[in-house]
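The values are calculated or read from the model by the stated rules, or taken from the named source; none is laboratory data. Predicted model only: the values in this text are computed from it and were never measured. Please note: Cβ atoms are built from the backbone with ideal geometry, for glycine as well, and neighbour counts cover all protein chains shown.
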Amino acid sequence: MAAGAGRCRLYLVTPPAIDLATFPDLLAAALDAGDVAALQLRLKPADDDTLRRAAERLLPIAQSRGVAVLMNDRPDLAMATGCDGVHVGQSDTPAREARNIIGPDRQLGVTCHASRHLAITAGEDGADYVAFGAFYPTGTKEVQHHAEPEILQWWSELMTLPCVAIGGITAANCAPLVQAGADFLAVVSAVWGHPDGPAAGVRALEAAIAAA
């Protein structure tokens, strides 16, 4: 999961629940539609068997296209299923512990809400990227922390570690985040809920990033 030489890239997050009979084709269409850096498997709530089955089906689709796959929350399952890394929140496995579980070669992302302190600590604890948000209202999860684009600008000017913007991001509202220095835009509904399908959602976001 690499930043694109100054160009903001897409970071797809799965819907909270997926149908494995149909979602693999939707994922393939989305990944073939544009420059997607990563896919986060975020199925909540889901038991271990569900997560394993999802990873088994989706990893080959993403990894064959050069897209990194990160398991949300579960460094143990990330290792067991062959994911490229794990993304943890502040109430999940601590970042330092997650790094110890996945080792030095897999990717670690850490949610930092709107906190500069949490972001700096995440970097010290071995994170490969930090995620800020939510920047906009979102129906995917209850928003407890609201971030402003300024935190992206502050981070990108001072730090070399990539930053991800998350929370209600769409093609219509992403420009300030791109301009502020986000390396990646994490999106859910703007792709999977696009009225013309996920491929159209990716293309719309790609166009908005380019225009910004």
### Query
Residues in segment 165-172: is at least one among the β-branched types (Val, Ile, Thr), farther than 24 Å from Leu108 by Cβ and either touching a Lys or Arg at 6+ places or on another chain (Cβ under 8 Å) or in a loop (DSSP other than H, G, I, E, B) (or both)?
yes
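Within 26 Å of Leu205 (Cβ to Cβ) and either buried (at least 23 other Cβ atoms within 10 Å of the Cβ) or of a type in the set (Val, Ile, Thr) (or both), is that true of Thr93?
no
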### Message
Cβ-Cβ distance below 8 Å, separation of 6 or more or different chains: which pairs start in segment 176-205 with a residue that is within 24 Å of Ser156 (Cα to Cα) and end on one that is of a type in the set (Phe, Trp, Tyr) and in a loop (DSSP other than H, G, I, E, B)?
### Response
Leu177/Phe135
### Task
Output the residues belonging to segment 1-15 that are at pLDDT 95 or above and assigned to a loop (DSSP other than H, G, I, E, B).
Cys8, Thr14, Pro15
### Task
Could you tell me which of the residues Ala147, Ala200 is crowded, with 17+ Cβ neighbours inside 10 Å and either under 25 Å from Glu97 (Cβ atoms) or aliphatic (A, V, I, L, M) (or both)?
Ala147
### Task
Mind counting the residues in segment 29-85 that are part of a strand (DSSP E or B) and under 27 Å from Ala204 (Cα atoms)?
11
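Has segment 112-128 got any residue that is assigned to a strand (DSSP E or B) and on the phi > 0 side of the Ramachandran plot?
yes
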### Query
If you take the residues of segment 86-111 that are of a type in the set (Gly, Ala, Ser) and assigned to a helix (DSSP H, G or I), which of them is nearest to Asp48 (Cα to Cα)?
Ala98
#### Entry: Residue among Asp32, Asp47 that is surrounded by fewer than 20 Cβ atoms within 10 Å (Cβ to Cβ), farther than 25 Å from Val130 by Cβ and free of Cβ contacts under 8 Å to residues at least 40 places away in the same chain
Asp47
### Query
Is segment 5-27 home to any residue that is at positive phi and out of contact with any His (no Cβ under 7 Å at 6 or more places or on another chain)?
yes
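Yes/no matrix, rows are residues, columns are (1) over 15 Å from Ala119 (Cβ atoms); (2) out of contact with any strand residue (DSSP E or B) (no Cβ under 8 Å at 6 or more places or on another chain); (3) surrounded by 24 or more Cβ atoms within 10 Å (Cβ to Cβ):
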residue	(1), (2), (3)
Glu157	no, yes, no
Pro162	no, no, no
Ile166	no, no, yes
Asp183	no, no, yes
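Is it fair to say Ala199 is closer than 20 Å to Val13 by Cβ and either aromatic (Phe, Trp, Tyr) or not in a loop (DSSP other than H, G, I, E, B) (or both)?
Judged against the criteria, Ala199 is a match.
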